[in-house]
Amino acid sequence: MLKIENLNFSYGDLKVLWDVNVEVTEGEIVTVVGANGAGKSTILKNISRLEKPGSGSITFNGVDIAKLEAHEVVEIGVVQVPEGRKIFPQMTVTENLRMGSYTRKARQNRDANMDRVFTMLPRLKEREKQLGGTMSGGEQQMLAIARGLMADPKLLLLDEPSLGLSPLLVKSVFAIISEISRQGVTILLVEQNVFQSLKIANRGYVLETGRVVLKDNGAALLSNDHIKKAYLGI
Ligand SMILES: Nc1ncnc2c1ncn2[C@@H]1O[C@H](COP(=O)(O)OP(=O)(O)O)[C@@H](O)[C@H]1O
Ligand SMILES: [Mg+2]
């Protein structure tokens with residue numbers, strides 16, 4: 001579904017991605033794990049065209065993403081939930097969700113998608129009139145994910161959804177990601193929470209200072225010696 005081949009990317013003179021190869025097959029949860037500054041968000045921004053892509057190629061179902069504008073990437077079904085939630089604090093939950101369905105196709109499915117996210121996340125339904133900015137960090141993260149679902153994604157890009165959340169909320173965020181996957185949305189998840197991400201992922205890539213140093217299925221990476229020492233403190 002998604003194929004990133006030999007992606008190199010620089011911010012001005014600072015090179016941050018080196019020959020990155022990542023693939024996502026339809027139906028999978030794939031994770032890219034790595035420390036702060038490894039280049040995870042930069043990979044997602046290249047996919048969603050929030051940055052002008054570097055050299056190499058990124059295709060989605062055979063379509064060359066470099067030829068598209070950011071809004072066209074959303075229209076073909078690739079939707080990013082940004083790091084740090086970025087919800088609209090002065091808008092209600094419902095208004096935030098409506099903002100997610102701005103493509104023509106998603107607008108047509110707006111009511112059905114709203115029902116779907118409220119069924120999956122009843123807590124948001126209870127708070128539909130609350131202002132986004134007054135919700136807790138965990139609720140804002142749920143709202144950010146739900147807003148992404150309102151755009152009718154085929155592939156959902158999640159940028160550190162567990163960042164800054166308590167252990168209990170981290171668990172529920174990962175449970176929701178698994179549920180979204182079961183409902184048929186393919187997921188590319190970038191995270192610093194290596195343990196939880198590899199636990200739910202079919203496959204994972206380990207990114208260190210802009211280079212993929214390991215890739216395997218989730219379970220294999222969890223028992224890999226380097227991962228245990230460098231990321232899991234075992
Ligand atoms: N807009 C930018 N301009 C210049 N450097 C940036 C910019 N965004 C990120 N960087 C740098 O690129 C590197 C990778 O950043 P990022 O992709 O955000 O990493 P991660 O998401 O893994 O924490 C870091 O060294 C970061 O400081
Ligand atoms: Mg990041």
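Quick rundown of the values:
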read-out	value
Search result, residues across the stretch 145-162 that are of a type in the set (A, V, I, L, M) and either away from ligand 1 (no atom under 16 Å from the Cβ) or at pLDDT below 95 (or both)	Ile145, Ala146, Leu149, Met150, Ala151, Leu155, Leu156
Residue in the stretch 193-206 that is under 21 Å from Leu7 (Cα atoms) and surrounded by fewer than 22 Cβ atoms within 10 Å (Cβ to Cβ) present	yes
Considering residues of the stretch 18-47 that are among the aliphatic types (A, V, I, L, M) and in a loop (DSSP other than H, G, I, E, B) only, the residue farthest from ligand 1 (Cβ to nearest atom)	Ala35
Of all residues making up the stretch 1-17, the number that are within 16 Å of ligand 1 (Cβ to nearest atom) and either surrounded by 15 or more Cβ atoms within 10 Å (Cβ to Cβ) or outside the structural domain of Ile177 (by TED's automatic domain parsing) (or both)	6
The stretch 69-94: number of residues that are among the acidic types (Asp, Glu) and either assigned to a loop (DSSP other than H, G, I, E, B) or within 16 Å of ligand 1 (Cβ to nearest atom) (or both)	2
Breaking point among (1) part of a strand (DSSP E or B); (2) surrounded by 14 or more Cβ atoms within 10 Å (Cβ to Cβ); (3) of a type in the set (Gly, Ala, Ser), for Ala66	(1)
Which listed residue, of Leu14, Leu68, Leu44, is without any contact (Cβ under 8 Å) to a residue 40 or more places away in the chain and within 16 Å of ligand 2 (Cβ to nearest atom)	Leu14
Count of residues meeting criterion [surrounded by 13 or more Cβ atoms within 10 Å (Cβ to Cβ) and either touching a Ser or Thr at 6+ places or on another chain (Cβ under 9 Å) or among the charged types (D, E, K, R) (or both)] in the stretch 106-123	7
Candidate set: the stretch 48-59, residues that are among the charged types (D, E, K, R) and within 13 Å of ligand 1 (Cβ to nearest atom); chosen: the one nearest to Val185 (Cα to Cα)	Glu51
Subset of the stretch 17-41 (residues that are away from ligand 2 (no atom under 16 Å from the Cβ) and either within 14 Å of the chain's Cα centre (by Cα) or charged (D, E, K, R) (or both))	Asp19, Glu23, Val24, Glu26, Glu28, Ile29, Val30
Number of positions in the stretch 131-177 that are within 23 Å of Phe60 (Cβ to Cβ) and surrounded by fewer than 18 Cβ atoms within 10 Å (Cβ to Cβ)	1
Residue check for Leu50: among the aliphatic types (A, V, I, L, M) and outside any strand (DSSP E or B)	yes
Where Thr42 falls short, out of the listed (1) within 20 Å of Leu163 (Cβ to Cβ); (2) touching an Asp or Glu at 6+ places or on another chain (Cβ under 6 Å)	(2)
Evaluation of Phe118 against (1) out of contact with any His (no Cβ under 9 Å at 6 or more places or on another chain); (2) within 19 Å of Gly148 (Cβ to Cβ); (3) not in a helix (DSSP H, G or I) (one fails), failing number	(3)
Residue identified as at pLDDT below 95 and either among the aliphatic types (A, V, I, L, M) or not assigned by TED's automatic domain parsing to the domain that holds Arg211 (or both) among Ala38, Ala66	Ala66
First in the stretch 172-193 and closer than 13 Å to Val206 by Cα, second anywhere and acidic (Asp, Glu), Cβ under 6 Å, 6 or more apart	Val190/Asp159; Glu191/Glu160
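The values are calculated or read from the model by the stated rules, or taken from the named source; none is laboratory data. Just so it is clear, the structure is predicted and the values come from calculations on it, not from any experiment. Using ideal geometry, Cβ is built from the backbone for each residue, glycine included, and neighbour counts are taken over all protein chains shown.
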